[in-house]
1. Long-range amide H contacts for residue 4: which residues qualify at under 5 Å (H placed 1.01 Å from N, peptide plane, sequence gap of 5 or more or a different chain)?
2. At 0.36 nm per residue, and after removing the present C-alpha to C-alpha distance, how many nm does the segment from residue 170 to residue 155 gain when stretched out fully?
3. Search the structure for amide H atoms under 5 Å from the amide H of residue 53, placed 1.01 Å from N in the peptide plane, and list their residues when 5 or more places away or on another chain.
4. Go through 8/51; 8/197; 59/157; 45/196; 19/161; 157/197 and tell me which ones have a Cα-Cα distance over 29 Å in this structure.
5. What residues qualify as long-range amide H neighbours of residue 147, i.e. H under 5 Å apart, gap of 5 or more or another chain, H built at 1.01 Å from N?
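Values quoted throughout were computed directly from the atomic coordinates according to the rules given, and no laboratory measurement underlies them. Quick caveat, the model's predicted, so the values are computed rather than measured.
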Amino acid sequence: MLLIDQEKSGGYTYVETSKFWKTACKPLPCFAELWWPGYLTKVIKTTIDDKDVVIQLWKGWCQRFLGRWANCPGGMGAEVGIYRAVDEHSPKSQRFVLKNEVKLLDRALHKGRANRRRRVEKFAPLKNLVSELPRDSHPDGEPEGEVWYPYPELNTKLWFKLVNPYTNEVLVETSEQTTYWLTRWMTPDSYREEYKKDHETPAFAADYRLHYTINGVTQRVW
């Protein structure tokens, strides 16, 4: 149950979220507050194939769960996600939904005793997201702020590249994939110890330019 796919290309090491991790994250909500300094997000509400969607982008320096797991996604790169907006009148709290999904994962992970501790530890980051979601301010459990959920049923074809603004060279580039969530990062070691030695780089990680397409249509550069 690997969280990342890793490959070496052009002398650098890259990682992407694995198929397993994308499947495990399908029940999880996303929201505009999910970002941090150096790893910015942008939310775009639009339509794809006449369906109302939320496109959420990230770019810059993505921490690997505070550096605790070397096999977790992260590094210098970007993400493109396609989501379905949640009905604002829905009675379900995003925290309530996530807690239920974590309980289901717990049950699946605890079946059988072999490698139990190792499997549970792999999903510790997923559990930690419960405490990081926007707080509910209403006693009836209504969520504060908007959330949205993955939209894999759209079968969107996604592609992106992250470009160095000083040299116009490509730092990270994906293949075109049919997915709701496309990711790719240069690993921290490759970026710090190899790439930065030979390239002028921006002081602020999120200054890299994100070029991306959805279903073959070029979107505005961010």
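1. HN-HN under 5 Å from residue 4: 18.
2. Working: separation 15, 0.36 × 15 = 5.40 nm, distance 2.63 nm.
The residue 170-residue 155 span can extend by a further 2.8 nm.
3. Sorted by chain and number, the residues that satisfy this are 46, 47, 48.
4. Details: 8/51 37 Å; 8/197 18 Å; 59/157 19 Å; 45/196 35 Å; 19/161 20 Å; 157/197 34 Å.
Checking Cα-Cα distances, 8/51; 45/196; 157/197 exceed 29 Å.
5. Amide H neighbours of residue 147, under 5 Å, 5+ apart: 86.
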